[in-house]
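Derivation of every value follows stated rules applied to the coordinates shown; laboratory data play no part. Note that the structure is predicted; figures quoted are calculated from it, not measured. Note: ideal-geometry Cβ built from the backbone for every residue, glycine included; neighbour counts use all protein chains shown.
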Ligand SMILES: Cc1cc2nc3c(=O)[nH]c(=O)nc-3n(C[C@H](O)[C@H](O)[C@H](O)COP(=O)(O)OP(=O)(O)OC[C@H]3O[C@@H](n4cnc5c(N)ncnc54)[C@H](O)[C@@H]3O)c2cc1C
């Protein structure tokens, strides 16, 4: 049996941020992940300045691909708008591995199946034991499934569905483009270049809305490819196959279910469903909730994730987009 005061299930941004903070506070912890790192993660890898501030690093500290956008090229229902901003893109393949290494916390490759709680804490698959457990396993987090789901079912109208491809590509346009509500989609599609010859393209929408309209995200993927070819942003259709993933957007109730009634278990990031309602941004909320759970453990105080529902600083634009999305 392997023991640690805290075991973190899942080593994406939420888990790695929790590990980093616990280690800084001198608390013993370990990370579990079913994947061997570095691993691919479906994600456009767009990060905000708040992520850098929360994790206390500057662009020059980051040793991998990093691109900064001073403007976002947004098209809402065919109407082009340029938004002055400061955002960044990374490759999750590199970023997540870097975060884990930076935390200095050991990572065990292990697929978590069962979590059993008792008065002493939690036992995972009869192989790991801990006083505190943090569920950072994303949408299908086993900690959510085993300890939280019966009392806190997820909200179907807040479920997103996505298709995405990240691949080596000598892109010619270094700008970030977003198309909202194109061809009936309750969502948006994107073109996000990465430094040194990588490109991420994808599309995301609200699962229930698509189903209700007898629509499918694959149709919007085809629309995106056609748009990119027409606009000269792609010279040919990529030969690689896109993949899909689903996650949940922020809800009022999420902050109430973050900590299990039998204190000592915590949910963070996508396991809790915290992505923003306007931009479906999940990395920032994952990092922040990971830090907050770690501080609750170290400070022995209740955990109530304090995450903003919107990414955009314009409350009007944020809530307008959110209203159209979900
Ligand atoms: C197509 C797409 C594009 C996106 N683009 C952006 C973007 O540009 N910017 C942004 O901010 N957000 C984006 N998001 C959302 C963002 O990717 C997530 O919100 C973010 O990754 C959540 O981090 P996390 O640490 O909670 O979970 P994850 O990053 O999903 O990490 C969970 C970890 O848990 C592990 N795990 C799962 N099950 C088990 C198990 N049983 N045992 C052990 N380990 C397990 C997984 O292997 C994984 O490593 C996007 C999402 C998608 C799908």
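Summary of values
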| read-out | value |
| --- | --- |
| Difference of contour (0.36 nm per residue) and Cα-Cα distance, residue 301 to residue 229 | 20.6 nm |
| Equivalent ellipsoid semi-axes, region 57-173, via Cα gyration tensor eigenvalues times 5, rooted, Å | 37, 22, 13 |
| DSSP-defined beta bridges in the chain - what % are antiparallel, rounded to 5 | 65 percent |
| Protection-proxy order for peptides 127-137, 177-187, each taking the mean of Cβ atoms within 10 Å per residue, highest first | 127-137, 177-187 |
| Value of Rg to Rh for the chain (Rh from inverse mean 1/r over Cα pairs, i.e. Kirkwood) | 0.97 |
| Label-reachable residues, region 83-116, where backbone N falls under 18 Å from a point 7 Å from residue 2's Cα toward its Cβ | 97, 100-116 |
| Stokes-Einstein D (µm²/s) once Rh is taken as the Kirkwood radius of region 152-250 over alpha-carbon pairs, at 20 °C in 1.002 mPa s | 152 µm²/s |
| Separation of the residue 127 and residue 219 label points, Cα + 7 Å toward Cβ, nm | 4.4 nm |
| Helix-only [θ]222 nm of the chain, DSSP H runs n ≥ 4, -39500 (n - 2.57) each, per residue, nearest 500 | -7500 deg cm²/dmol |
| Ascending count of other beta-carbon atoms within 10 Å, so fewest first, for 77, 23 | 77, 23 |
